[in-house]
Amino acid sequence: MMTKSKIIIIILARLSSVRLPKKQLLKIGNTKIIEIIFKKLSTHFSKRDIFVATSNDKSDNELCEFCKKKNINFFRGSLSNVLQRVYKLASIQKAYGFIRVNGDSPLVNLSVIKKGLKKFKTRKYDLVTNVFPRSYPAGMSVEIIKTQTLQKISRRIKKRTHKEHITPYIYENYKDFRIYNIKNRKNYSNIHLAVDTKKDYLKIKKIILRLKNYKFNLKRIIQTYEKN
């Protein structure tokens with residue numbers, strides 16, 4: 001039985017990215033990207049509720065070893081069926097819902113997560129998001145999803161792309177779901193702050209080292225981004 005109040009955080013990560021392999025283990029200062037994300041989230045959430053969800057492929061052994069070393073919870077599941085991986089983890093944890101964060105997003109926005117959680121806890125929504133439509137930079141995407149909603153769509157989906165990603169099916173069939181979108185006053189959707197390439201990494205590294213802590217707000221990040 002799911003615990004109605006339990007909401008976990010799932011950081012999706014795999015080391016076999018084609019454009020920038022092992023990007024989650026790249027360092028910014030003395031800290032690897034995956035640990036920056038974990039540390040940032042753990043300033044507001046209990047560490048026992050934060051999980052790195054990776055694959056059971058041998059390519060992710062190094063990531064799991066790092067998580068063990070740093071006492072970060074991790075879960076291993078299908079490499080290609082990410083939806084199944086995430087649903088299994090949320091089910092095992094008996095979570096009512098989960099916050100999905102990407103493992104290539106060291107600038108994840110805590111204030112958006114807090115705002116989204118407030119809406120999600122009203123139990124009126126299947127999905128609370130800030131990408132439908134996007135007004136925050138890529139790299140600050142937040143999705144809070146009801147576990148039962150994943151169970152529901154896992155029975156329906158046929159396309160491989162719907163299994164490789166968690167929410168496209170929901171967005172494509174938005175009339176069937178209760179979605180709440182968090183919109184920023186100013187549209188920053190043209191700004192890219194996810195670590196997808198080496199160029200992204202160098203730019204984000206510069207931003208984080210300039211700001212010197214993990215509590216920086218969106219305004220300061222954009223100002224620093226525009227100076228580089």
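No value in this document is a laboratory result; all are computed from the given coordinates. Since this is a predicted model, take the numbers as computed values, not measurements. Cβ atoms come from the backbone with ideal geometry, glycine included; neighbour counts cover every protein chain shown.
List of remarks:
- Rounded to the nearest 20, the Cβ-based charge dipole of the chain about its Cα centre (Lys and Arg +1, Asp and Glu -1) stands at 580 debye.
- The mean of 1/r over all distinct Cα pairs in the range 175-225, once inverted, gives the Kirkwood hydrodynamic radius of 13.0 Å.
- The residues neighbouring L127, those whose beta-carbon lies less than 9 Å from its own, together hold a net charge of 0 under the Lys/Arg +1, Asp/Glu -1 convention.
- For a straight C-alpha distance cut-off of 17 angstrom, the aspartates and glutamates reachable from K124 (same-chain residues fewer than eight places away being disregarded) are E143, D176.
- Based on the Kirkwood approach, the hydrodynamic radius assigned to the range 109-162 is 12.4 Å, with every pair of different Cα atoms included.
- Magnitude of the charge dipole, the range 64-133, Cβ model with Lys/Arg +1 and Asp/Glu -1, debye to 20: 340 debye
- Computed from the Cα positions only, the extents of the range 7-73 along the three principal axes stand at 32, 28, 21 Å, in decreasing order.
- Gyration tensor (alpha-carbon) shape descriptor, the range 56-155, a/c threshold 1.5: oblate
- Cross-link table K40/K163; K118/K205; K22/K94; K40/K69; K32/K206; K23/K121, entries beyond 26 Å C-alpha to C-alpha: K40/K163; K118/K205; K22/K94; K23/K121
- Histogram of C-alpha separations across the chain, 5 Å bin width, %: 1, 7, 15, 19, 21, 18, 12, 6, 1, 0, 0
- Dividing the helix sum by the residues of the chain, where each DSSP H run of 4 or more adds -39500 (n - 2.57), gives a mean residue ellipticity at 222 nm of -10500 deg cm²/dmol.
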